[in-house]
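Novice: Below are the C-alpha cells for one structure; questions will follow.
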Amino acid sequence: MSIFSGRHFPKDVILWAVRWYCRYGVSYRDLEQMLTERGVPVDHTTIYRWVQRYAPELDKRTRWYRRVGQWAAHSWRVDETYLRIGGRWCYLYRVLTSRGDTLDFYLSTRRNTTSAKRFLAKTLRSTAHCGPPRVINTDRDPALAAAITELKSDGRCATSVQHRRVKYLNNRIEGDHGRLKRIISPKRGFKTPKTAYRTLKGIEAMHALRKGQGRIFAYGHPNPDVVIVEKAFAYA
C-alpha cells in the first residue's frame, strides 16, 4: 500500500510542498499562499501534517543517495548548535566531513556526555560502510571528549581514532550551522522537541542534497535534489 493512501492531494503536490518547506526559509502560511497562487488551495495545518508525516520519510529514503564515500569520511568535524524549542534551549548535534558533507545529526534536550555519546554512536552506525574515522575534531566541550573515551572503552569506536580539539578546524561546520539556521529562522520556531526533530530530519536531508551530496545521481540537472527526491519516492 502506498504511503500516500488516503490523502486528498496527489503525491506530487505533497512532495512538492514538503520539499519546498524543508529546502527554503518559508513558514507554513507562506507556503500556503504559494500553493494557492498555483491553483492548489490547501490550509497551512494540512501542510504541517504532511511535513510531520513525510519529512522523516524524506530523510530515510534519500539517505542512501546522500552517503559519503569511504575516502571522504575519515575526518569528522563535530559540533552542536542551539535551537529554541517550546521556550527552552535544545541542542542540535551535527557532524560534517572535512569538505563539508553532512554525515549525521541528532537533537537533544540536554548537552551532556550521555547525549554526546548517543549521537556519536548513532553516527558510527550510520557510517559503518565507511569504516571508523581516522580523526574526530571537536571544540573544547568536555562532554564530547568523555563520550569518545567511553565509546572506545565500550568497543563501539576504534581505539585508533584520534581525537583533536582544534577550534579553527571547525570553522566549516560553524559556517554550515549559520546556513542551516537561515532556513530554520523564518519558520517561527518549534513547539516540542518531537515535532522539531521530525521537521529537522527533512531540513537536514534537503540541506545535504542542496550542498551537492548525491548529485552524481542527477548529473547535469540544475536542481539535483528534485531528481533525487523523485527517484526516492518513485515506488512509495
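Novice: Please list, or write none, the lysines whose alpha carbon is within less than 27 Å of the alpha carbon of Lys194, excluding same-chain residues fewer than 8 places away.
Specialist: Lys11, Lys60, Lys117, Lys122, Lys181, Lys211
Novice: By how many nm would the segment from Arg118 to Arg210 lengthen if fully extended, with 0.36 nm per residue of separation less the alpha-carbon distance? Could the numbers behind the result be given before it?
Specialist: Numbers: separation 92, 0.36 × 92 = 33.12 nm, distance 2.69 nm.
Here the answer is 30.4 nm.
Novice: Another one. Determine the dipole magnitude for the stretch 70-182: charges of +1 sit on the beta-carbon of Lys and Arg, -1 on that of Asp and Glu, nothing else is charged, the reference point is the Cα centre, and the result goes in debye to the nearest 20. Mind dumping the intermediate values first?
Specialist: On the way: 22 positive and 10 negative charges, 45 e Å.
That gives a dipole near 220 debye.
Novice: While we're looking at this one, here's another question. If you take every residue apart from Val227 with its C-beta less than 12 Å away from the C-beta of Val227, what net charge results, scoring Lys and Arg +1 and Asp and Glu -1? Before the final figure, lay out the partial values.
Specialist: Working: positive: Arg19, Arg215, Lys231; negative: Asp225, Glu230.
Combined, the nearby Lys, Arg, Asp and Glu give +1.
Novice: If you don't mind, another one. Against the 2.2 N^0.38 Å scaling, with N counting residues, where does the stretch 70-182 land? I'd like the Cα-based Rg ratio to two decimal places.
Specialist: Numbers: Rg = 13.3 Å, N = 113, 2.2 N^0.38 = 13.3 Å.
Ratio of Cα Rg to 2.2 N^0.38 Å: 1.00.
Novice: On a C-alpha basis, how far is the centre of the stretch 62-85 from the centre of the stretch 153-193 in Å? Whole number, if you could?
Specialist: One Cα centre to the other: 8 Å.
Novice: While we're on this one: Rounded to the nearest 20 debye, what is the charge dipole size of the stretch 139-236 about its Cα centre when +1 sits on each Lys and Arg Cβ and -1 on each Asp and Glu Cβ? Present the calculation step by step, with values, prior to reporting the outcome.
Specialist: On the way: 20 positive and 9 negative charges, 71 e Å.
The dipole magnitude comes to about 340 debye.
Novice: When ranked by the protection proxy of mean other Cβ atoms within 10 Å per residue, highest first, what sequence do the peptides 71-78, 13-20 form? Intermediate values should be presented prior to the final figure.
Specialist: Numbers: 71-78: 18.9, 13-20: 20.6.
Peptide ranking by packing, descending: 13-20, 71-78.
Novice: In addition: Tell me the net charge near Tyr24. Cut-off is 13 Å between Cβ atoms, Tyr24 excluded, with +1 for each Lys or Arg and -1 for each Asp or Glu.
Specialist: Value of the local net charge: +4.
Novice: What does the charge count around Arg7 come to, taking other residues whose C-beta lies under 14 Å from its C-beta (Lys +1, Arg +1, Asp -1, Glu -1)? Before the final figure, lay out each step's value.
Specialist: Values: positive: Lys11, Arg49, Arg53; negative: Asp12, Asp43, Glu57.
Counting the neighbours of Arg7, the net charge comes to 0.
Novice: How many times 2.2 N^0.38 Å is the alpha carbon radius of gyration of the stretch 1-160?
Specialist: On the way: Rg = 19.1 Å, N = 160, 2.2 N^0.38 = 15.1 Å.
Cα Rg divided by the expected 2.2 N^0.38 Å: 1.26.
Novice: With point charges of +1 on the Cβ of Lys and Arg and -1 on the Cβ of Asp and Glu, referenced to the Cα centre of the chain, which listed residue (Pro224, Tyr82, His8) lies farthest in the positive direction of the dipole?
Specialist: In the chain, that residue is Tyr82.
Quick note: the coordinates plus some simple rules give every number you see, no bench work behind them. Every value quoted in this text rests on a predicted model; they were computed, and no experiment measured them. Glycine also receives a Cβ, built like all others from the backbone with ideal geometry; neighbour counts cover every protein chain displayed.
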